[in-house]
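Take a look at the structure set out below.
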Amino acid sequence: MIIFVNESEYSIIGCWKWAGKMKDILIVEDNNELGTLLLDFLLSEGYTVHLAKTGEEALNFYKQEEVKLVVLDIMLPSIDGFEVCRQIREEGNTPIIIVSAKVTKEDKMNGIILGADDYIEKPYDIDILLAKIMGIFKRRYSTASIQSGKISLDKEKHVVYKDKKIIPMTTKEYALLLLLMENKGKVLNKEMIFNKIWGYDSFSELQTLTVHIKWLREKIEENPKSAEHILTVWGVGYRFE
């Protein structure tokens, strides 16, 4: 999927702000169509996202809230993306991906020198951007094991433990539990879960996910009929707690 944008046609849009929770990604983009499209796409992939329309708003949000990664445009009103990049880097080492129609060698060098981790030209392929985001999250935030209460998952050995005892699991059960635990606290859409675990071209049906959720609950929950870990969010999907 290729996203084209004319940077001279910027407009102001509102922002999505869910106070009190760390966001996975801060998008800094004042183009209405592009910002909304990117936000919706990343939300559909299971990320929590905040969209800022100006450099000032982005910096204020960054200083008040925690984010794991910044996707940053350069051509912003008032404070441009280079200044935003510089100030964010002064605050910490949060990964920054610059996406911009400013594509000269000097622009790219400036972005990297100021501390950006990557520089992508507009128009860009959103699948390439997603791959870069996933790569950064894997390198920066993944750990060898995940712990939640009595449940622990060893990603190197592909083993799940409950009360330090191994729980036998199929490949799909393990992959499903890993996805849920890596996104602890997030509501994951049923279709997104199904596509990640079984694939877009799978011959299985969505009901397969429901069955695997039931099997997982029977294996990890103290009371499968009153789940404490794998929670159903009616009409949307599931959340791991």
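Table for the structure above
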{"read-out": "Only Lys, Arg (+1) and Asp, Glu (-1) charged, at Cβ; the chain dipole about Cα centre in debye", "value": "1280 debye"}
{"read-out": "Simple Cβ-charge dipole of the range 2-141, Lys/Arg +1 and Asp/Glu -1, about Cα centre, in debye nearest 20", "value": "540 debye"}
{"read-out": "Positive-pole candidate from Leu216, Leu179, Val160, dipole of the range 145-240, charges at beta carbon", "value": "Val160"}
{"read-out": "Using alpha-carbon coordinates, inclination of helix 126-141 to the longest axis of the chain, degrees", "value": "70 degrees"}
{"read-out": "Potential extension, Gln64-Met22 segment - 0.36 nm per residue separation minus Cα distance", "value": "14.1 nm"}
{"read-out": "Options (1) 21.4, 72; (2) 17.5, 55; (3) 19.9, 60 - which one matches Rg and Dmax of the Cα atoms in Å as calculated here", "value": "(3)"}
{"read-out": "Packing-based exposure ordering (other Cβ within 10 Å, fewest first) of Glu205, Glu156", "value": "Glu156, Glu205"}
{"read-out": "At R0 = 51 Å, FRET efficiency that the Cβ-Cβ distance of Asn32 and Lys165 yields, to 0.05", "value": "0.45"}
{"read-out": "Hits among lysines - C-alpha to C-alpha of Lys150 under 17 Å, sequence gap 8 or more where chains match", "value": "Lys162, Lys164, Lys165, Lys184, Lys219"}
{"read-out": "Karplus (6.51, -1.76, 1.60) ³J(HN,Hα), θ = phi - 60°, over the range 39-44, in Hz, Gly and Pro reported as x", "value": "4, 4, 5, 5, 4, 5"}
{"read-out": "Lys184 versus Ser78: modelled label distance in nm, points set 7 Å from Cα along the beta carbon direction", "value": "3.8 nm"}
{"read-out": "For the chain, calculated [θ]222 nm from helices alone, where every DSSP H run of n ≥ 4 adds -39500 (n - 2.57)", "value": "-12000 deg cm²/dmol"}
{"read-out": "The chain: antiparallel DSSP beta bridges as a percent of all, rounded to 5", "value": "55 percent"}
{"read-out": "The range 145-240 - charge dipole about Cα centre, Lys and Arg +1 at Cβ, Asp and Glu -1, debye rounded to 20", "value": "240 debye"}
{"read-out": "Extension gain (nm, one decimal) between Val233 and Glu106, 0.36 nm per residue minus Cα-Cα", "value": "40.9 nm"}
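Values quoted throughout were computed directly from the atomic coordinates according to the rules given, and no laboratory measurement underlies them. Everything numeric here is computed off the predicted structure, so don't read it as measured data. For neighbour counting, all protein chains shown are included, and Cβ atoms are generated from backbone atoms with ideal geometry for every residue, glycine included.
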